[in-house]
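> The structure is given below, and queries will be raised subsequently.
The values are calculated or read from the model by the stated rules, or taken from the named source; none is laboratory data. Predicted model only: the values in this text are computed from it and were never measured. Cβ placement follows ideal geometry from the backbone for every residue including glycine, while neighbour counts extend to all protein chains displayed. Note: areas computed on protein heavy atoms with side chains; ligands, DNA, RNA excluded. Shrake-Rupley method; radii C 1.70, N 1.55, O 1.52, S 1.80 Å.
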Amino acid sequence: MSQEKTDALVIRLADWSESSRVVTLFTRDFGKISALAKGAKRLRSAFEAGLDLLSESRIVFLRKSSSSLDILTESQLIARFQPSPSSLTSLYGGYYIAELLSGLSEEYDPHPRLYQVASDTLRSLESDDDPWPAILRFELVLLNEIGSLPEFDACLVCGCPVNDQRTFAFWVNQGGLICASCKRPDYEQRPIDAGTIALLKKLSDDDPAVARSVTPSRDQLTQLRHITTAAVSHVLERRPSTLRYLNFD
Ligand SMILES: [Zn+2]
């Protein structure tokens with residue numbers, strides 16, 4: 001058993017006993033962990049207010065060597081999630097992030113970049129800006145980190161590069177694009193234009209400033225949502241349940 005210290009986002013909470021909880025955390029240095037927080041339901045505990053859903057805290061935990069639960073011993077609040085009161089999309093966008101981190105990350109598989117982007121996305125959802133570009137960036141970075149980001153450079157069948165002269169469609173099972181000449185009726189998809197594909201690349205850029213410079217039109221957002229929802233549902237093997245509440249309009 002070793003004692004570890006890291007930053008963490010609370011992505012799931014479950015009652016364990018009268019006074020304790022099991023907390024699923026997405027941590028900066030260890031990826032996802034599940035830990036028992038003894039006494040977490042008491043008003044005065046070692047965790048104070050640090051264990052609300054989507055709060056970010058600096059934690060100390062005992063890492064168990066066997067398959068039993070880790071033990072959370074301390075948590076110190078860094079930031080509580082306070083979604084913009086003007087938009088329900090911001091609130092449900094946060095729940096969506098928790099659902100995807102919980103469903104698509106593995107225990108003790110660290111992804112520090114994904115941690116940072118998740119944390120940045122939660123902060124963006126607290127502002128009055130349109131929440132969708134930040135949510136899209138999170139989806140794209142997540143897909144990239146787990147090795148499931150579709151190929152956006154060329155047609156998967158004939159290899160023709162993406163350019164303004166052709167339209168493409170997203171071929172979800174193969175994780176890439178198919179051009180109009182290669183498209184067959186059984187791959188019928190909504191068309192995607194080259195401009196939208198360029199936006200996808202910018203939104204998934206390493207540099208957050210590049211992603212922030214993107215201001216998609218409503219039509220482009222619809223196309224982008226279609227691609228990321230299809231790609232995320234494909235790897236999750238179901239449609240994320242939070243999407244029901246995450247109305248696009
Ligand atoms: Zn083609």
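> Within the chain, what's the longest run with no GluC sites (Glu not before Pro) in a DSSP loop and at most 12 other beta-carbon atoms within 10 Å? Give the range, please. Don't jump to the answer; show the numbers that get you there.
Details: sites that count: E18, E106, E188, E237.
In short, 19-105.
> What does the accessible area of L72 come to, in Å² to the nearest 10, when a probe of 1.4 Å is used?
That residue has around 10 Å² of solvent-accessible surface.
> So, one more: Counting only protein heavy atoms and a 1.4 Å probe, tell me what percentage of the chain's accessible area is made up of carbon and sulfur.
47
> On a C-alpha basis, how far is the centre of the stretch 167-222 from the centre of the stretch 6-82 in Å? Whole number, if you could?
38
> Cβ under 11 Å from L149's Cβ, L149 left aside: what net charge do those residues give with Lys, Arg +1 and Asp, Glu -1?
Its environment carries a net charge of -2.
> 222 nm [θ] for the chain, helices only, -39500 (n - 2.57) per DSSP H run of 4+, per residue, to 500?
Numbers: 6 runs with 78 residues, N = 249.
Roughly -10000 deg cm²/dmol at 222 nm, from the helical runs in the chain.
> Averaged per residue, what accessible area in Å² does the chain show with a 1.4 Å probe, protein chains only? All intermediate terms of the calculation are to be shown ahead of the outcome.
Numbers: 12320 Å² over 249 residues.
Roughly 49 Å² per residue, with all protein chains present.
> Further question: Can you compute the radius of gyration and Dmax for the chain, using only the Cα atoms, both in Å?
19.9, 65
> Hey, got the dipole for the chain? About the Cα centre, +1 on K and R Cβ, -1 on D and E Cβ, debye to the nearest 20?
Numbers: 28 positive and 33 negative charges, 99 e Å.
About 480 debye.
> Given the C-alpha atoms of the stretch 2-79, compute the convex hull and give its volume per residue in Å³.
It is 75 Å³ per residue.
> Let me check against my output: what whole-number percent is the relative contact order of the chain, with C-alpha pairs under 8 Å and at least 6 apart?
15
> Just to be sure I follow the rule: in the chain, considering lysines 8 or more places apart or on different chains, how many pairs have Cα atoms under 16 Å apart?
4
> So what does F30 come to for accessible area, using a 1.4 Å probe and Å² rounded to 10?
Estimated to the nearest 10 Å², F30 gives 30 Å².
> Also, I was wondering about something else. Of G175, L243, S2, which is farthest on the positive side of the dipole of the chain, counting Cα position, with +1 on Lys and Arg Cβ, -1 on Asp and Glu Cβ, and the Cα centre as origin?
S2
> Are there trypsin sites (Lys or Arg not before Pro) in the stretch 68-144 that DSSP marks as loop and that have at most 11 other Cβ atoms within 10 Å, and which are they? If you can, show how the numbers build up before the last one.
Working: sites: R80, R113, R123, R137; in loops: R80.
Sites meeting the loop and neighbour criteria: none at all.
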